[in-house]
Amino acid sequence: MTLAKDYDYMTYDEFLDYQSSTNQKTEYSNGDIFYMSPTHPNHNKVQNELYFQLRSILNNCNKCDVYTSDVAVKFQSVEESYQFEPDVMITCDNKFDGSIYKGIPTLIIEVLSSATKDRDKGIKLNIYEKFGVKEYWVVDINLKEITIYSDNINGKYRCIRTYTEDMHIEWNKDNIKVKDIFIHNI
């Protein structure tokens, strides 16, 4: 993900105009735009496995849906605006305005890559925490581990746990084996 700096500052409305005029996937971070680059096949396999595992767990849930990276989520306050495209996201309400989700997701997952890891573990972690995302998972393909930030109370994650390949994640009264998330890597 590369910071685009051919401008001084871009408002959110200018970003939407810019985004609609280009084929380049972008994210917006309170005045800055970031170009998104194609992912490695392992990134895509891990993302898909997470989607399938979570979709399977939520199979009988009429309230929640699982989305992948082409669905945007917008976070906005009086002073700041952000629009990201998480690798995986679960929403349990219908707060969509077209293809942009304008609520607070129940779960966001980012799969680290060399281009995104600093943003995923930095600005995105801070924004997801600040705006009240209940759970945020950071998936490290190289280390084959998943760090889960949870129990968000008043904009602060109270629990941070890292799960390795030999562990399982208890989620929504079900279990996800960490090794199964990474099983299809090439």
**OP:** Starting at the first residue of region 85-101, write each ³J(HN,Hα) from the Karplus equation 6.51 cos²θ - 1.76 cosθ + 1.60 with θ = phi - 60°, in whole Hz, x for Gly and Pro.
**Re:** 10, x, 5, 9, 8, 10, 10, 10, 8, 10, 9, 9, 10, x, 8, 10, 7
**OP:** Per DSSP H run of at least 4 residues, take -39500 (n - 2.57); add these up for the chain, divide by its residues and hand me the 222 nm value, nearest 500 deg cm²/dmol.
**Re:** -6500 deg cm²/dmol
Subject >> Charge dipole (debye, nearest 20) of the chain; +1 at Cβ of Lys and Arg, -1 at Cβ of Asp and Glu >> reply: 560
Original post:
Which whole-number percent is the relative contact order of region 39-181 (Cα, under 8 Å, 6+ apart)?
Top reply: 17
Original post:
How much length is gained on full extension from E80 to N175, taking 0.36 nm per residue of separation minus their Cα-Cα distance?
Top reply: 30.5 nm
Original post:
Ordered by residue, what ³J(HN,Hα) values in Hz, to whole numbers, does region 75-83 give under the Karplus form 6.51 cos²θ - 1.76 cosθ + 1.60, where θ = phi - 60° and Gly and Pro are x?
Top reply: 10, 8, 10, 4, 9, 8, 9, 9, 9
**OP:** Mind putting a number on the dipole of region 12-108 about its Cα centre? Charges go on the C-beta only, +1 for Lys and Arg and -1 for Asp and Glu, and I need it in Debye to the nearest 20.
**Re:** 500
Original post:
To the nearest Å, what is the center-to-center distance of region 124-186 and region 22-86, using C-alpha atoms only?
Top reply: 15
Original post:
With each pseudo-label sitting 7 Å past Cα toward Cβ, what's the N94-K130 distance in nm, one decimal?
Top reply: 3.2
Original post:
Under 5 Å between amide H atoms, partner at least 5 residues away or on a different chain: which partners does Y163 have, H built in plane at 1.01 Å?
Top reply: I146, T147, I148
Original post:
Tell me, which longest segment in the chain has none of the GluC sites (Glu not before Pro) that fall in DSSP loops with at most 16 further Cβ atoms within 10 Å?
Top reply: 81-164
**OP:** Can you figure out the FRET efficiency of M167 with N142, using R₀ = 25 Å and their beta-carbon distance, to the nearest 0.05?
**Re:** 0.90
Original post:
Could you give me the ³J(HN,Hα) list for region 123-132, computed from phi with Karplus coefficients 6.51, -1.76, 1.60 and θ = phi - 60°, whole Hz, x at Gly and Pro?
Top reply: 4, 5, 4, 5, 5, 4, 5, 4, 8, x
Original post:
Once amide H atoms are placed 1.01 Å from N in the peptide plane, what residues at a sequence separation of 5 or more from T106, or on another chain, have their amide H within under 5 Å of its amide H?
Top reply: I90, T91, C92
**OP:** Just tell me the longest site-free run in the chain, where the sites are trypsin sites (Lys or Arg not before Pro) in a DSSP loop having at most 16 other beta-carbon atoms within 10 Å.
**Re:** 103-172
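Taken together, the values in this text are just the output of simple stated rules run on the coordinates, not laboratory data. A quick note: this is a predicted structure, and the numbers were derived from the prediction, not measured. So basically every Cβ, Gly included, is an ideal-geometry build from the backbone, and we count neighbours across all protein chains shown.
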